[in-house]
Amino acid sequence: MIKGRILLGIAVLALGACGKKSVSVEEFEGPIDARVEFIADGVNKIVPRGMGKGLKLVRAEAQGRVLVLALETTLQGELDKSETALITLFRPQVCSNPGYRSVVDHGGLVRFRIARTKTGETLPEFTIAACG
């Protein structure tokens, strides 16, 4: 009976939210997995998006408390760096973006998957777990 009430409550909230204005990252309240899903949905509405320097954001995926960002690159050797060097390179972008920053600040992780468009080769994944 309690499970039925919870499901009914969720359905009512979901229907009620349909007519409301969209919520900003700063206004979002909820557990980290819901925040990650919220950010991934927002990213997927604007992709593909060029990021400059031969990088393109192609999709985002929510995996629990992990936001996975899939990128494509035309660069051949410029990203052949250690995991530490890649984290150092990408951390400023994560920490200056309000959505990605909110994931990290609330205990989530931002993971990067980068594929080379010419060869299909995938670079080793790396994760940003903290800002600053």
Aspartates and glutamates with Cα under 12 Å of residue 81, excluding same-chain neighbours fewer than 8 positions away:
125
For the residues 87, 46, what sequence is obtained by ranking on other C-beta atoms within 10 Å, fewest first?
46, 87
Inter-centroid distance (Cα atoms) of segment 25-58 relative to segment 78-132, Å
13
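Decide, for segment 23-128, between rounded, prolate and oblate: order the square roots of the alpha carbon gyration tensor eigenvalues as a ≥ b ≥ c, take rounded if a/c falls under 1.5, and otherwise choose prolate if a/b is larger than b/c, else oblate.
Prolate.
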Those aspartates and glutamates that a straight Cα-Cα span of less than 14 Å connects to residue 118, excepting residues fewer than 8 apart in one chain:
72
How much FRET efficiency would the formula 1/(1 + (r/R0)^6) give for residue 47 and residue 131, where r is the Cβ-Cβ distance and R0 is 22 Å, rounded to 0.05?
0.45
Given H placed 1.01 Å from N in the peptide plane, which residues other than close sequence neighbours of residue 51 have an amide H under 5 Å from its amide H?
56, 57
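Any read-out appearing in this document is the output of simple, stated calculations on the displayed coordinates, not a laboratory observation. Please read these numbers as outputs of a predicted model, since none were measured by experiment. Note: ideal-geometry Cβ built from the backbone for every residue, glycine included; neighbour counts use all protein chains shown.
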